[in-house]
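Nothing in this text is a laboratory measurement; each read-out follows from the coordinates by a stated rule. Predicted model, so just to flag it, every value in this text is computed and none were measured. Virtual Cβ from ideal backbone geometry, glycine too; neighbours counted across all protein chains shown.
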Amino acid sequence: MARTLSNMLPLGTIAPDFTLPDTVTGKQLSLQNLKSDKATVVMFICNHCPFVLHVLDGILNLVNDYMAHGVSFIAISSNDVINYPEDGPQKMQELALQKKFPFPYLYDESQLVAKAYDAACTPDFYLFDPESKLVYRGQMDGSRPGNDVPVSGEDIRGAIDNLLDGIPVETDQKPSLGCNIKWK
């Protein structure tokens with residue numbers, strides 16, 4: 001299990017635009033169509049990473065708690081599917097349907113979106129404000145497979161709460177830790 005830290009894209013970065021296929025609907029979806037006028041979370045995840053699987057139910061709880069408050073969530077998988085076929089679009093669709101993802105699960109075949117976001121690992125989280133400026137990047141919380149820390153989402157929840165409440169988001173942020181993105 002590779003342990004890779006987030007690259008920590010500079011705060012204030014404008015969300016790189018993209019248009020990618022949604023593995024569930026087959027439709028091409030863009031950041032412009034999916035972003036919220038309150039807060040937008042872009043998550044780099046995949047199907048096989050034990051770090052993602054460890055927090056997946058916590059991600060679903062997070063999404064279900066905050067979508068009602070106008071927060072938009074977008075999941076992207078950018079892994080090389082030749083060497084990691086379990087991360088391919090069909091398997092992504094199966095996972096999204098099985099877990100009832102209430103958000104799009106997009107496939108970044110070219111890996112250009114991951115590169116634009118300077119994504120390094122799965123899971124990797126990015127929170128953007130209404131002007132599409134990055135206000136948080138890093139870990140969901142301190143839980144990792146085997147460390148006995150419960151999955152709470154406290155880091156990203158705190159950032160989202162501050163953003164929604166008009167309070168500056170704490171800039172001392174911890175990188176996510178997970179499997180490296182499987183580059184071609």
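Side notes on the structure shown:
- Test: residue in segment 61-72 that is without any contact (Cβ under 8 Å) to a residue 40 or more places away in the chain and crowded, with 16+ Cβ neighbours inside 10 Å: yes
- Residues of segment 3-41 classified as of a type in the set (A, V, I, L, M), out of contact with any helix residue (DSSP H, G or I) (no Cβ under 8 Å at 6 or more places or on another chain) and surrounded by 13 or more Cβ atoms within 10 Å (Cβ to Cβ), total: 7
- Filtered residues of segment 115-131 (kept if more than 18 Å from Cys46 (Cβ to Cβ) and touching a helix residue (DSSP H, G or I) at 6+ places or on another chain (Cβ under 8 Å)): Leu127, Asp129
- Count of residues meeting criterion [crowded, with 16+ Cβ neighbours inside 10 Å and assigned to a strand (DSSP E or B)] in segment 130-184: 8
Matching residues to (1) closer than 26 Å to Glu154 by Cα; (2) touching a Gly at 6+ places or on another chain (Cβ under 8 Å); (3) not β-branched (Val, Ile, Thr):
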{"residue": "Ser6", "(1), (2), (3)": "yes, yes, yes"}
{"residue": "Pro16", "(1), (2), (3)": "yes, no, yes"}
{"residue": "Gly26", "(1), (2), (3)": "no, no, yes"}
{"residue": "Asn47", "(1), (2), (3)": "yes, no, yes"}
{"residue": "Met67", "(1), (2), (3)": "yes, no, yes"}
{"residue": "Pro89", "(1), (2), (3)": "no, no, yes"}
{"residue": "Met92", "(1), (2), (3)": "no, no, yes"}
{"residue": "Tyr105", "(1), (2), (3)": "yes, no, yes"}
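- Cross-chain or 6+ apart pairs with Cβ under 8 Å, segment 85-109 first and on the phi < 0 side of the Ramachandran plot and assigned to a helix (DSSP H, G or I), then of a type in the set (A, V, I, L, M, F, W, C) and surrounded by 15 or more Cβ atoms within 10 Å (Cβ to Cβ): Asp87/Cys46; Asp87/Val81; Pro89/Val81; Gln93/Val24; Leu95/Phe101; Ala96/Val24; Leu97/Val24
- Selection of segment 98-119 for residues being over 15 Å from Thr13 (Cβ atoms) and touching a strand residue (DSSP E or B) at 6+ places or on another chain (Cβ under 6 Å) yields Phe103, Pro104, Tyr105, Leu106, Tyr107, Asp108.
- Filter pass, Asp148 being out of contact with any Asp or Glu (no Cβ under 6 Å at 6 or more places or on another chain) and not hydrophobic (A, V, I, L, M, F, W, C): yes
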